[in-house]
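Here, each number is a calculation from the coordinates, and none is a lab measurement. The shown structure was predicted, so the numbers you read here are calculated from the model rather than taken from an experiment. Don't worry about glycine lacking a Cβ; one is built from the backbone with ideal geometry, like all the others, and counts go over all protein chains shown.
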């Protein structure tokens, strides 16, 4: 591996370019392939979320129920019981 890939900022730039160009699966693969790539790639992915659904889906499956783009159970809990 080239030494420049040990620099966090360079890995963040690579991950950013992948996410912006709609190759998020490749950015996830980047995060999984090496421990030193994990944090910069995941930080970039979480910073560029498409919406609230990916965040809500990180909760256990029994908490949310998806019908199209509506996440019913968790959104109800968030807005009714702040």
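Estimated translational diffusion coefficient (Stokes-Einstein, Kirkwood radius over Cα pairs, 10 °C, 1.306 mPa s) of the range 1-48: 155 µm² per second. Our estimate of slack between residue 7 and residue 52, defined as 0.36 nm per intervening residue step minus the Cα-Cα distance, is 13.1 nm.
Each label was represented as a point 7 Å from its Cα along the Cα-to-Cβ direction; for residue 59 and residue 20 these points are 3.3 nm apart.
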